[in-house]
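Colleague: Structure in structure tokens, see below.
What follows draws every value from the coordinates through simple rules; no lab data is involved. Only a predicted model underlies this, so the values are computations on that prediction, with no experimental measurement involved. We place every Cβ from the backbone using ideal geometry, glycine too, and count neighbours over all the protein chains shown.
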Amino acid sequence: MARARYTIRTATRRDIPELVRQRRLMFEAMGEGQIEDRARADRDYARWVRTQMAQHRLVAFLVARTTSAGGIVAGGTVWLQERQPRPGFAGGGVPYLMSMYTDPRCRRQGLASLIVDAAVAWCRSQGHTRLSLHAAPAGRSLYRALGWKRTQEYSRVL
């Protein structure tokens, strides 16, 4: 199995530049934003990630090659979004999977599934019973294959 050539680990603050790089590449692959917008977003995201990690509201997973070539080739992040109390929920952080990225040369080897599995395991270990995400069109078949269900949400540009 191709996944045997990779290891997964939890990111640390030292990995913030890599998390920023992967997020930029994710947006580039989706064709989102102009170059100058992405550069500004990189700086803002680095600051935001540092704060969220310090507040224990964000955990990221990085996949690296175990071969002599080494290097980080994929990653994904769980962010605990603050939500208001409602019946059956006292309020607090709700896990949201985001910033999923795999180097194009390493796609179709199960790395995104490896990250999703790690994210689900982390969420369960923290007592969470639900995990959500917004999937880019290219990732939707993966999430469906892993048992994710599409939900209905509306938005409006103001």
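Colleague: Just to confirm the filter: which chymotrypsin sites (Phe, Trp or Tyr not before Pro) across region 83-158 are DSSP coil and have at most 13 other Cβ within 10 angstrom of their Cβ? Walk me through the intermediate numbers first.
Modeller: Numbers: sites: Phe89, Tyr96, Tyr101, Trp122, Tyr143, Trp148, Tyr154; in loops: Trp148, Tyr154.
Counting only loop positions with at most 13 other Cβ atoms within 10 Å, the chymotrypsin sites (Phe, Trp or Tyr not before Pro) in region 83-158 are Tyr154.
Colleague: Moving on to the next point. Based solely on its DSSP helices, what 222 nm [θ] is calculated for the chain when runs of n ≥ 4 H residues each add -39,500 (n - 2.57) and the sum is averaged over all residues, nearest 500 deg cm²/dmol? Could the numbers behind the result be given before it?
Modeller: Working: 4 runs with 56 residues, N = 158.
Result for the chain: -11500 deg cm²/dmol, rounded to the nearest 500.
Colleague: Then there's this: Got a sec to turn the phi values of region 74-84 into Karplus ³J(HN,Hα) couplings, 6.51 cos²θ - 1.76 cosθ + 1.60 with θ = phi - 60°, whole Hz, x for Gly and Pro?
Modeller: Coupling constants for region 74-84: 7, x, x, 10, 10, 10, 8, 6, 5, 10, 6 Hz.
Colleague: Another question about this same structure. Please identify, among Ala136, Ala46, Ala119, the residue showing maximal mean-square fluctuation in a Gaussian network model of the chain using a 10 angstrom Cα cutoff.
Modeller: Ala136
Colleague: Also: Is the shape of the chain best called rounded, prolate or oblate, per the rule: a/c under 1.5 gives rounded, else a/b larger than b/c gives prolate, else oblate, with a ≥ b ≥ c the square roots of the Cα gyration tensor eigenvalues? Mind showing how you got there, number by number?
Modeller: Details: a/c = 1.39, a/b = 1.23, b/c = 1.14.
Because its axes are fairly even, with a/c under 1.5, the chain counts as rounded.
Colleague: Something else about it: In 5 Å bins starting at 0, how do the alpha-carbon pair distances of region 1-92 split up by percent?
Modeller: The percentages, shortest bin first, are 3, 12, 19, 17, 17, 14, 10, 5, 2, 1, 0.
Colleague: Evaluate Rg over Rh across region 53-125, taking Cα atoms for both radii and Kirkwood's formula for Rh. Write out the running numbers ahead of the final one.
Modeller: Details: Rg = 14.9 Å, Rh = 13.7 Å.
The Rg/Rh ratio comes out at 1.09.
Colleague: Springs between alpha-carbon atoms under 10 Å, Gaussian network over the chain: tell me which of Ile72, Ile35, Ile16 tops the mean-square fluctuations.
Modeller: Sorting by GNM fluctuation, first place goes to Ile35.
Colleague: Most mobile of Asp117, Asp15, Asp37 per a Gaussian network model of the chain (Cα springs, under 10 Å)?
Modeller: Of the options given, Asp37 has the highest mean-square fluctuation.
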